[in-house]
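None of the figures in this text is laboratory data; all of them are computed from the coordinates on show. Owing to the predicted nature of the structure, the values given are computational and were not obtained by experimental measurement. Cβ placement follows ideal geometry from the backbone for every residue including glycine, while neighbour counts extend to all protein chains displayed.
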């Protein structure tokens, strides 16, 4: 099956489209859990929860808020990846400087609002 690979050069975003109509997107936009280092962790792993309960300068509430913020950021990056994939499937050139600037602005906006 023939695959068209589109590398954006931005946040490691790569889209693959097949002639059969399937598509996928990968990127480096999401945060990886610093506790278990598993890329699919939703920041609710046993190691993250253990970290949240360790008494130190940061309170339990602050630590839980940090984990929730990381989770929400990754959800936003999932949505952004889906939009980029949809645009590529629709034939939009996702490698143009203007589109890349839009991606960068969207990622920065998500980081600032979460």
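Can you confirm whether residue 94 is within 22 Å of residue 39 (Cβ to Cβ) and surrounded by 12 or more Cβ atoms within 10 Å (Cβ to Cβ)?
Taking the combined requirement at face value, the residue does not satisfy it.
Report whether or not residue 10 is surrounded by 12 or more Cβ atoms within 10 Å (Cβ to Cβ) and out of contact with any helix residue (DSSP H, G or I) (no Cβ under 6 Å at 6 or more places or on another chain). So residue 10 does not fit the description; no. Somewhere in segment 57-74, is a residue in contact with a helix residue (DSSP H, G or I) (Cβ under 7 Å, 6 or more places away or on another chain), touching a residue at least 40 places away in the same chain (Cβ under 8 Å) and within 19 Å of residue 92 (Cβ to Cβ)? No, every residue in segment 57-74 fails to be in contact with a helix residue (DSSP H, G or I) (Cβ under 7 Å, 6 or more places away or on another chain), touching a residue at least 40 places away in the same chain (Cβ under 8 Å) and within 19 Å of residue 92 (Cβ to Cβ).
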